[in-house]
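Below: the structure, in structure tokens.
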Amino acid sequence: MDLVGLAFYFLAALIVISAAIVVFSKNIMYSAFSLMFTFFGVAGLYVLLNADFLAVTQIMVYIGGILVLIIFGVMLTTRITGVDVKSNSLGKIQVGIAGLLSTIIAISLIVVFSSTKWFLSEPKVSGDSTKLIGNELLTNYLLAFEAASVLLLIAIIGAAFIARRK
Amino acid sequence: MLGLDQFIAELNKSISMFLPETALVIAFLVALLLDLMFKKSKNLTGYTALIGFLVTGYFLFKQMNMQSTAFSNMFVIDQFGIFMKWVILLSSIGVVLISFFTNELYEKAKGVGEYFTLIIGMAFGMFLLVGSSNLIIIYLAIETMSLSSYVLAGYTKEVKRASEASLKYVIFGAVSSGIMIYGISILFGLTGSLNLFEINRFLAANPVNNFALFLSVIMILSGFGYKISAVPFHFWTPDVYEGAPVPITAYLSVASKAAGFAILLRFFKVTFLDSVPGNDSVWTLLGSIDWHFVIAILAVLSMTLGNLVALWQTNVKRILAYSSIAHAGYMLMAVSTMDDAGVASVLIYFFMYMVMNLGAFYVVALIANNIGSEEIDDYNGLGYRAPILGICMTLFLISLTGLPPTAGFIGKLYVFSAVVKAGYIWLAVVGVINSVISLFYYVKIFRNMYLNDVDSNKSKLTYSPASIVLLFVFAIPTLYLGIFFNDIVKWASYSANIFMGK
């Protein structure tokens, strides 16, 4: 196995394990902190894919912004830190059905990923991906760019409305 | 990369074809600013929304015969999309008008400024979804309409069931859009493109792994199925419909569904149509997966479950929620034929469904204004306490069942004949049995209104003359379209042609 392969498996393990802690941990602080490792791992995967701009954005937006906000939120809301998140109050039947469905989906996804002939594009010249992304966003993907801005505006209005005092 | 001049020329052309959507965005921003400037005014954003919708309608009217793509093939303007956009636009106007007469909104929420603003935003999302031919735009559009509807569903924050509805909607919505974008990523991995036209070309030229394709499309379907509330993606529907303010319930059941069906039809036709045979009116599909059967299964599940569970409900909003699941099933039946006659019948059905469903929900809102309840037992004797509401409700219920001489009958007639023509007799039989079952719970509402508590000496219901005028705006077309339906049918058959790119 070459270095890239090793790095990939290391990052993948990091992501899966820390994501599992996010979901299964009963202390919301542990969840928030292990989310950081998930985000770091994903940023690492972007680096492996030569997507340097995306990796930096991932770190800046998700870790620098969103995660810090989450942790601040948790710490400022004193009541939350002490409360255990209950995630085991489901009936046996529900857990059984959900488990069965998830297993079926997981198996079919594994089959798909191991047996499919994926579309492979020609490796493009790597280099200044920031400039390329900028150009694409304002030409071919202009509509998506603008639609996303409206989407974010709606999200802000909605969040402000919900958070507002009664 | 394009040259600058060429790009600007193309951009100008694209923008000129994007005017209805642009009008909506501008109305959205204006409403937002007006709401900030004039805090006290009651319905200012509502009127802004109405004006915005009228301007949108004007631009939409000017596009009537256009057929083109814009923004580097990301957006399509065609007759099919324009028909669906009319349905969405008309129901948006209807919902804004219904909102004016819904006391619940004014009593239990602090101001309705953001309410109408978000309705415009949601309409923009639906317009975008109807015309999108790129998976990224599809995803963004679905998120735009979802995010606005999450907030709208819980707009009356003081009401506990509304907040609960909103939260459930968010959770189910997040899961289904997560599954959908996973499916999109698999489809992208198989074909190397996000553009539906290019995916179609790739699928026509290269064989791909059937199982992977099947899985990715099923995952994408979960996003669409969530929007049209088809079984098994329907779990949110009853709770959200019950908890949300009545106008929003009506909006979710008509416009949101129309957008979902539009993208479902466009996705299947554009992605899987084999354009070689030449005759497009009966679609020849690429690949060996039997999509007819997949959609037919969804249709049967939605119809049967929707109708059977509706039998046990005691809340009128919940009954109408399950009935809307069943109606999604009838329309999916027509989708499963995968030919232009099926598309035309879905369009006809939607136009009829819009009028009668908005009407039914409007009556529910007017009754709730007076008695503050939507429980079916509280409807006892209402036919005598509010004669006009009673008669109109009966009309809408007959129409929803699909009996002549109402609009609903014409819709069902065309759906069933499209299904039979395509040779799916068994499916049509299931549909007819389901229609009969549905009669039972619609009649239950009717029975409570007219046969129970006949000698009630409770006071008569009060309603303003303006609200009755609006009621007739829904009731008269329900009757009229049941008799003079030729124009709608002609327009729908003309609009059944989904644009396949250059």
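Scan region A:126-138 residue by residue and report those that are in contact with an Asp or Glu (Cβ under 9 Å, 6 or more places away or on another chain) and surrounded by 14 or more Cβ atoms within 10 Å (Cβ to Cβ). Of everything in region A:126-138, just one residue is in contact with an Asp or Glu (Cβ under 9 Å, 6 or more places away or on another chain) and surrounded by 14 or more Cβ atoms within 10 Å (Cβ to Cβ), namely A:S129.
Residues are listed down the side, and each one gets a yes or a no for (1) of a type outside the set (D, E, K, R); (2) within 12 Å of another protein chain (Cβ to nearest Cβ); (3) farther than 30 Å from B:Y494 by Cα:
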site: B:E21; (1), (2), (3): no, yes, no
site: B:G46; (1), (2), (3): yes, no, yes
site: B:L54; (1), (2), (3): yes, no, no
site: B:Y58; (1), (2), (3): yes, no, no
site: B:S72; (1), (2), (3): yes, yes, no
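Between B:G183, B:G189, B:G125, the distinction of being in a helix (DSSP H, G or I), surrounded by 19 or more Cβ atoms within 10 Å (Cβ to Cβ) and facing chain A (nearest Cβ under 9 Å) belongs to B:G125 only. The set of residues in region B:142-166 being open to solvent by 10 Å² or more (accessible area, probe 1.4 Å) and more than 24 Å from B:G223 (Cα to Cα) consists of B:K157, B:E158, B:V159, B:K160, B:R161. The set of residues in region B:153-169 that are assigned to a helix (DSSP H, G or I), facing chain A (nearest Cβ under 10 Å) and in contact with a Phe, Trp or Tyr (Cβ under 7 Å, 6 or more places away or on another chain) contains only B:S166.
Tallying residues that are out of contact with any Leu (no Cβ under 7 Å at 6 or more places or on another chain), open to solvent by less than 20 Å² (accessible area, probe 1.4 Å) and of a type in the set (S, T, Y) within region B:383-434 yields 1. Kindly evaluate B:N134 against the criterion of being touching a residue at least 40 places away in the same chain (Cβ under 8 Å), crowded, with 22+ Cβ neighbours inside 10 Å and in contact with a helix residue (DSSP H, G or I) (Cβ under 6 Å, 6 or more places away or on another chain). Answer is no for this residue. A count restricted to region B:198-220 and to residues that are farther than 18 Å from A:I107 by Cβ and either open to solvent by 10 Å² or more (accessible area, probe 1.4 Å) or within 11 Å of chain A (Cβ to nearest Cβ) (or both) stands at 11. For beta carbons closer than 7 Å, sequence separation of 6+ or different chains, a first residue in region B:465-478 that is more than 16 Å from B:S91 (Cα to Cα) and a second that is not in a helix (DSSP H, G or I), the qualifying pairs are B:S467/B:F101.
At least 2 residues being under 19 Å from B:S323 (Cβ atoms) is the threshold, and among the helices (runs of 4 or more DSSP H) wholly inside region B:382-469 those reaching it are B:387-401, B:407-421, B:425-450.
Taking the criterion of being open to solvent by 10 Å² or more (accessible area, probe 1.4 Å) and part of a loop (DSSP other than H, G, I, E, B), the residues of region B:64-106 that qualify are B:M64, B:N65, B:M66, B:Q67, B:F71, B:S72, B:N73, B:F101.
Note on region B:167-176: residues that are open to solvent by 10 Å² or more (accessible area, probe 1.4 Å), within 19 Å of the chain's Cα centre (by Cα) and either over 19 Å from B:S222 (Cα atoms) or touching a residue at least 24 places away in the same chain (Cβ under 8 Å) (or both) amount to 2.
Regarding A:I105, is this residue part of a helix (DSSP H, G or I), open to solvent by less than 100 Å² (accessible area, probe 1.4 Å), more than 7 Å from every other protein chain (Cβ to nearest Cβ) and over 27 Å from A:A51 (Cα atoms)?
Answer is yes for this residue.
The test for being among the polar types (S, T, N, Q) and closer than 17 Å to B:L252 by Cβ does not hold for B:S132.
Report yes if some residue within region B:136-144 is part of a helix (DSSP H, G or I), aromatic (F, W, Y) and within 14 Å of chain A (Cβ to nearest Cβ); otherwise report no. Before you say what the answer is, go through the steps one by one.
We begin by selecting, within region B:136-144, every residue part of a helix (DSSP H, G or I); these are B:136-144.
If we keep only those that are aromatic (F, W, Y) too, we end up with B:139.
Within this subset, residues satisfying the condition of being within 14 Å of chain A (Cβ to nearest Cβ) are B:139.
Checking region B:136-144: at least one residue is part of a helix (DSSP H, G or I), aromatic (F, W, Y) and within 14 Å of chain A (Cβ to nearest Cβ).
The values are calculated or read from the model by the stated rules, or taken from the named source; none is laboratory data. All of these numbers come straight from a predicted model, not from anything done at the bench. In this analysis, Cβ positions are derived from the backbone assuming ideal geometry, glycine residues included, and neighbour counts consider all displayed protein chains. The accessibility values were calculated without ligands, DNA or RNA, using every heavy atom of the protein model including side chains. Shrake-Rupley method; radii C 1.70, N 1.55, O 1.52, S 1.80 Å.
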